[in-house]
1. Evaluate the following for B:Lys98: is it closer than 19 Å to B:Pro147 by Cα and part of a loop (DSSP other than H, G, I, E, B)?
2. For the subset of region A:80-91 comprising residues that are within 14 Å of chain B (Cβ to nearest Cβ) and assigned to a loop (DSSP other than H, G, I, E, B), which member is farthest from B:Ser43 (Cα to Cα)?
3. Which numbered condition trips up A:Tyr104, out of (1) crowded, with 18+ Cβ neighbours inside 10 Å; (2) free of Cβ contacts under 8 Å to residues at least 24 places away in the same chain; (3) outside any loop (DSSP other than H, G, I, E, B)?
4. Of all the residues that make up region A:1-30, how many are under 20 Å from B:Gly20 (Cβ atoms) and polar (S, T, N, Q)?
5. Can you say whether B:Gly179 is of a type in the set (Gly, Ala, Ser), out of contact with any strand residue (DSSP E or B) (no Cβ under 8 Å at 6 or more places or on another chain), in a loop (DSSP other than H, G, I, E, B) and assigned by TED's automatic domain parsing to the domain that holds B:Ile106, as far as the supplied structure shows?
6. Looking only at region B:146-171, count every residue that is in a loop (DSSP other than H, G, I, E, B) and aliphatic (A, V, I, L, M) and tell me the total.
7. Which numbered condition trips up B:Ala45, out of (1) among the small types (Gly, Ala, Ser); (2) more than 25 Å from the chain's Cα centre (by Cα); (3) under 21 Å from A:Ser14 (Cα atoms); (4) crowded, with 18+ Cβ neighbours inside 10 Å?
Number of protein chains: 2
Amino acid sequence: MYPESIKLFIDTFSKLPSIGPRQATRLAFHLVNSGKANIEETSKAVGNLKNIKICSECFFIHSNSDNLCNICRDKNRKNTVVMIIEKETDLISIERTKKYPGKYLILGELTKSGVLESSQKLRLNSLKNLIKNRGGQIDEIIIGINPTTYGDLNALLISKELQGLSKKITRLGRGIPTGGEIEFADEDTLGQALERRI
Amino acid sequence: MYPESIKLFIDTFSKLPSIGPRQATRLAFHLVNSGKANIEETSKAVGNLKNIKICSECFFIHSNSDNLCNICRDKNRKNTVVMIIEKETDLISIERTKKYPGKYLILGELTKSGVLESSQKLRLNSLKNLIKNRGGQIDEIIIGINPTTYGDLNALLISKELQGLSKKITRLGRGIPTGGEIEFADEDTLGQALERRI
């Protein structure tokens with residue numbers, strides 16, 4: 001039914017996260033109808049991503065000439081506090097608070113299996129080596145993993161893995177989110193809010 | 001915060017239908033992490049869409065050497081029945097039934113303003129000319145527009161516009177969808193199902 005180019009587009013885009021075959025099909029038709037210039041621009045916007053590099057310390061993206069991202073090369077940020085997070089977008093969210101003075105380690109999205117992937121183990125090892133090179137122990141490792149059931153499991157795994165490399169290993173605080181309502185908070189959240197009241 | 005290439009990608013993809021800035025950001029990070037070869041493939045999958053042509057009669061896509069899509073060039077399909085639809089994906093859905101022997105006219109998505117866009121008027125005019133060249137009157141025009149409030153309004157508009165060019169102007173039947181439940185059908189659907197009982 002479809003010409004080859006359309007099939008290839010749908011196949012390729014269906015594999016991207018949170019795009020299904022239906023959305024990929026709609027996108028294909030939208031682009032075809034938007035004209036050749038727009039198709040070219042969109043194609044280039046994708047191709048340009050080849051210039052993006054990944055930081056050798058925290059694995060965030062950058063386009064600097066060396067191997068460090070803007071955060072890792074920033075002399076004003078503490079080397080003695082490292083937050084371990086899953087995704088680049090988590091880093092962006094934390095940065096927006098303007099309240100975090102430390103560094104990061106991006107681990108990649110955790111699977112629900114409760115086991116770390118080999119690439120994630122490699123990244124944890126690279127953090128271990130970094131800490132060893134900086135004297136063997138830092139002040140704090142914050143595990144910034146989502147407080148879900150399998151997130152908790154993974155957080156436990158990671159903190160065991162990093163035992164001894166930091167004076168403290170902490171997790172992000174739990175409680176009622178700003179703007180949230182006590183009436184609608186689940187039991188666990190309310191329990192945590194009670195225990196950790198401020 | 002973001003390198004230029006990432007910003008450009010997010011800007012470009014946020015403009016595509018049903019992709020917001022958040023999804024565009026996630027896509028950017030996913031692609032960067034997927035490696036240069038995959039970025040190149042994805043970029044090409046977009047660029048290849050430039051080869052797709054739009055049929056001069058029904059405005060569906062094709063990649064034939066002349067200006068006609070596979071449906072319009074098919075001698076076994078009736079020239080005397082034309083279905084007017086909004087989107088390419090509507091055409092695909094109708095084709096899947098394998099019960100429609102006629103041709104199509106793709107109008108482009110209708111706005112909620114109840115007024116046809118100039119490109120849509122041009123497409124209707126091209127259908128008028130086609131019918132005039134084929135003898136001035138065909139057997140049936142089916143208005144395959146969604147049965148929503150503004151769809152009904154537009155269907156009325158279109159049928160006025162095409163008055164006299166077809167022996168019949170019809171719309172798709174209404175009633176309870178297969179697998180649907182009477183209990184949950186809205187009043188209007190049930191009313192239509194009663195009136196048009198089979």
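The values are calculated or read from the model by the stated rules, or taken from the named source; none is laboratory data. As the structure is a computational prediction, the values presented were derived from the model and not from experiment. FYI the Cβ positions are ideal-geometry reconstructions off the backbone, even for glycines, and counts take in every protein chain you see.
1. Judged against the criteria, B:Lys98 is not a match.
2. Looking only at region A:80-91, we keep the residues that are within 14 Å of chain B (Cβ to nearest Cβ), and these are A:85-91.
Then drop every residue that is not assigned to a loop (DSSP other than H, G, I, E, B), which leaves A:86-87.
Numbers: A:Glu86: 26, A:Lys87: 23 Å.
Among those residues, the one meeting the criterion is A:Glu86.
3. Single failed check for A:Tyr104: (2).
4. Matching residues across region A:1-30 total 4.
5. Numbers: of a type in the set (Gly, Ala, Ser): yes; out of contact with any strand residue (DSSP E or B) (no Cβ under 8 Å at 6 or more places or on another chain): yes; in a loop (DSSP other than H, G, I, E, B): yes; assigned by TED's automatic domain parsing to the domain that holds B:Ile106: no.
For B:Gly179, the condition - of a type in the set (Gly, Ala, Ser), out of contact with any strand residue (DSSP E or B) (no Cβ under 8 Å at 6 or more places or on another chain), in a loop (DSSP other than H, G, I, E, B) and assigned by TED's automatic domain parsing to the domain that holds B:Ile106 - is not met.
6. In the first step, residues of region B:146-171 are kept if they are in a loop (DSSP other than H, G, I, E, B); the result is B:146-148, B:162-165.
Applying the additional criterion that residues be aliphatic (A, V, I, L, M) yields B:162, B:165.
Total meeting the criteria: 2.
7. (2)
Here's the yes/no breakdown for (1) in a strand (DSSP E or B); (2) farther than 18 Å from A:Lys160 by Cβ; (3) acidic (Asp, Glu); (4) in contact with a Pro (Cβ under 9 Å, 6 or more places away or on another chain):
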position: A:Lys78; (1), (2), (3), (4): no, yes, no, yes
position: A:Ser93; (1), (2), (3), (4): no, yes, no, no
position: A:Leu110; (1), (2), (3), (4): no, no, no, no
position: A:Gln120; (1), (2), (3), (4): no, no, no, no
position: A:Leu124; (1), (2), (3), (4): no, no, no, no
